[in-house]
Every structure is written in structure tokens, then in C-alpha cells.
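Here is the structure we will look at.
The values are calculated or read from the model by the stated rules, or taken from the named source; none is laboratory data. Everything numeric here is computed off the predicted structure, so don't read it as measured data. Using ideal geometry, Cβ is built from the backbone for each residue, glycine included, and neighbour counts are taken over all protein chains shown.
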Amino acid sequence: PDIKASGDDLQKRESQLTRVRPIKAGVRFEFTIHFENLHPAELGALLWVLEPQGEPEAQYRHKLGMGKPLGMGAVHITPALFISDRRQRYSQLLDGDKWATGETKADHSDYQEKFEKYILNAIPDAPEKLAKLDRIAMLLAMLQWREDTKEWQDKTRYMEIERDIGRRETLNEYAHRPVLPDPLAVTGAARSKRRKVRNPVPVADGRQSGRLKSWSDRFGFIIPDGGGKDVFIHVSQLPAGASPSEGLRLRYRTEPGPKGPRAIDVILAEEE
């Protein structure tokens, strides 16, 4: 995005501006992390943090620095693991024409697997991979590197007080105080299947039913089956993977909103 202040801003809002000197893309850095007395699973946790293990075809980036909201500071870390044998290190001074360090290069993937196994063994009905846990999947969704497309920018942009919705109209996207969707709702990724508790006695869940009347960018309105005022629905309340199209059948609960009822706990009607 265009982040450079204009001439008027420099004069009128100088106290609100921050001068930055961004680093160019492609600059390479090297750093060393020293560790000792770590259990293999603990070392695996450290390596997993440096190099997240998600989908094989996906790329992940850490976000560093103060320019994160502007898309800056996306860093790809490639770790190399060296194990130091102290007994070997202090048993001799030289190794040929070099100092004897007692260091050997190790396969870090083995330790990452031990970490995942340690965590999954402690979770009942755990999935096969750590990346399949909803919380980890959300983390990976935020760390995943995606090309800068207009569609992705629209999905992850900031809300606006005066959002242009056409026909010379604007919308205050903060008016209904919407709860932001979680990362899996934004990406449309599937969630892990959880165990369903079967209740032999049918219990009414208090949901109403209706169909989606209209949809505009991040919000829409539901026509209740029983009639009455249209119900506001924000994108954060849509079921994961649902495509907001006119006529979509939904089940929902309502709560008072600043300008009328708004939908919460929304599910697809066919899920009932």
C-alpha cells in the first residue's frame, strides 16, 4: 500500500508521523542461537518455532519489526542444527588445521518430529499431525506467505469508517462492532473434526432459520423465516468454508446490535 505521507500531512500532522528506513527485499542475515541441556522434544520445539511444519507446499514467514501492519518484516528462516559433544571438544585441541569444536551437523527434522509426537501423545483423540489442530492451523494460516493479490488484500485489509460501497454511499464498518473472524474463517480452511456428544433427548438450541437476502463485501442481511426485521450478519459469523450467496439457508441466534438484531452462532441449515 501507499504509505508515504503527502505534503499537507507533513505540515499538519508531523507529530503523528513516523519516519522509517525499510530494508530492501532479499537482504540476508545470519544469527546464532546457543542452547544447552535441552530434552530432544524441547529442542524440537525450538526448531519448530524457527521453521513451522505445516503443509509441504506452503511457505511460512515470521513477522519482525514495526512495519508489520504495512506488510513489512516478512522473514524466511532456514535453520541449520549443530550438536556439540563437549567430551570430544575438550579431549583434543586441534582437528587437523582447525580448532576441535566437537560439533556435528544434525538433521533437525528428527527433533521436530519428536516434539510433535510428545505434544500429540498428551492430547486425547489427537490428529495425525500437529498442524491439524485448530489452534496450530490458525497460527500457520497467519504465518503462511501468500502472493500480494487484490483478493487477499481485500480479505485482510483494515476496516474503514467510510467504506465506499458504490452508488455514492459509504459504510461505517465499525458501526455494528463486529467480532473479527479467526484465521481459518478468513482463509476458508477446513477445521479438524471434533467428537460430537450424542444426547438421547432432543434439545432445542434456540436457533432461528432464514435465508441470506444480500451480501456486500464483509456483511449482509438474513430474512427470518418467521418474518420480522432483517437480521445483520458479519463475515466473522459465517460458518467456515461457507460461500455467502443470495438464498443461502442459515440457522442462527440473535443478539441486540446498535441498529437492530445481529446474527451469532451461525451454522448452515443442512448441518442440523
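Data for the structure
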quantity	calculated
Of all residues in segment 35-54 being in a loop (DSSP other than H, G, I, E, B) and more than 20 Å from Ala122 (Cβ to Cβ), the one that is nearest to the chain's Cα centre (by Cα)	Gly54
When residues of segment 162-174 are limited to those that are loosely packed, with under 13 Cβ neighbours inside 10 Å and in a loop (DSSP other than H, G, I, E, B), the one nearest to the chain's Cα centre (by Cα)	Tyr174
Segment 55-74 - residue that is over 10 Å from Pro22 (Cβ atoms) and in a helix (DSSP H, G or I) and, of those, modelled with the highest pLDDT	Lys68
Any hit, segment 39-50, residues being within 21 Å of Ser109 (Cβ to Cβ) and in contact with a Pro (Cβ under 7 Å, 6 or more places away or on another chain)	yes
Number of positions in segment 1-52 that are at pLDDT below 80, over 18 Å from Lys63 (Cβ atoms) and of a type in the set (Ser, Thr, Tyr)	2
Counted residues, segment 207-238 - those being outside any strand (DSSP E or B) and surrounded by fewer than 16 Cβ atoms within 10 Å (Cβ to Cβ)	7
The listed residue being over 19 Å from Leu38 (Cα atoms) and hydroxyl-bearing (Ser, Thr, Tyr), out of Ser84, Ser91	Ser91
Which listed residue is modelled with pLDDT under 85, of a type in the set (Asp, Glu) and under 25 Å from the mean Cα position of the chain (by Cα), from Asp154, Asp134, Asp125	Asp154
Out of Ala242, Ala263, Ala189, Ala204, sole residue that is over 29 Å from Glu55 (Cα atoms) and either loosely packed, with under 13 Cβ neighbours inside 10 Å or at pLDDT below 85 (or both)	Ala204
Given (1) surrounded by 13 or more Cβ atoms within 10 Å (Cβ to Cβ); (2) in contact with a Lys or Arg (Cβ under 9 Å, 6 or more places away or on another chain); (3) in contact (Cβ under 8 Å) with a residue 12 or more places away in the chain, index of the condition Thr101 fails	(1)
Helices (runs of 4 or more DSSP H) wholly inside segment 85-156 containing at least 2 residues that are among the hydroxyl-bearing types (Ser, Thr, Tyr)	86-91, 108-121
Phe115, sole failed condition from (1) farther than 22 Å from Leu43 by Cα; (2) at pLDDT 90 or above	(1)
Neighbours by Cβ (under 8 Å, 6+ apart or cross-chain): first from segment 208-219, under 19 Å from Pro181 (Cα atoms) and in contact (Cβ under 8 Å) with a residue 12 or more places away in the chain; second crowded, with 17+ Cβ neighbours inside 10 Å and among the acidic types (Asp, Glu)	Arg218/Glu173; Phe219/Glu173
Single condition His39 does not satisfy, out of (1) in contact (Cβ under 8 Å) with a residue 12 or more places away in the chain; (2) surrounded by 12 or more Cβ atoms within 10 Å (Cβ to Cβ)	(1)
Matching residues in segment 154-171 - criterion: being polar (S, T, N, Q) and in contact (Cβ under 8 Å) with a residue 12 or more places away in the chain	Thr156
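Yes/no matrix, rows are residues, columns are (1) in the same structural domain as Ala190 (by TED's automatic domain parsing); (2) among the polar types (S, T, N, Q); (3) closer than 30 Å to Lys150 by Cβ:
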| position | (1), (2), (3) |
| --- | --- |
| Ser15 | no, yes, no |
| Glu42 | no, no, no |
| Pro52 | no, no, yes |
| Met72 | no, no, yes |
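For every residue, the table says whether it meets (1) of a type outside the set (Phe, Trp, Tyr); (2) over 26 Å from Thr78 (Cα atoms).
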{"position": "Gln88", "(1), (2)": "yes, yes"}
{"position": "Tyr111", "(1), (2)": "no, no"}
{"position": "Met138", "(1), (2)": "yes, no"}
{"position": "Ala141", "(1), (2)": "yes, no"}
{"position": "Trp145", "(1), (2)": "no, no"}
{"position": "Lys150", "(1), (2)": "yes, yes"}
{"position": "Glu162", "(1), (2)": "yes, yes"}
{"position": "Arg167", "(1), (2)": "yes, yes"}
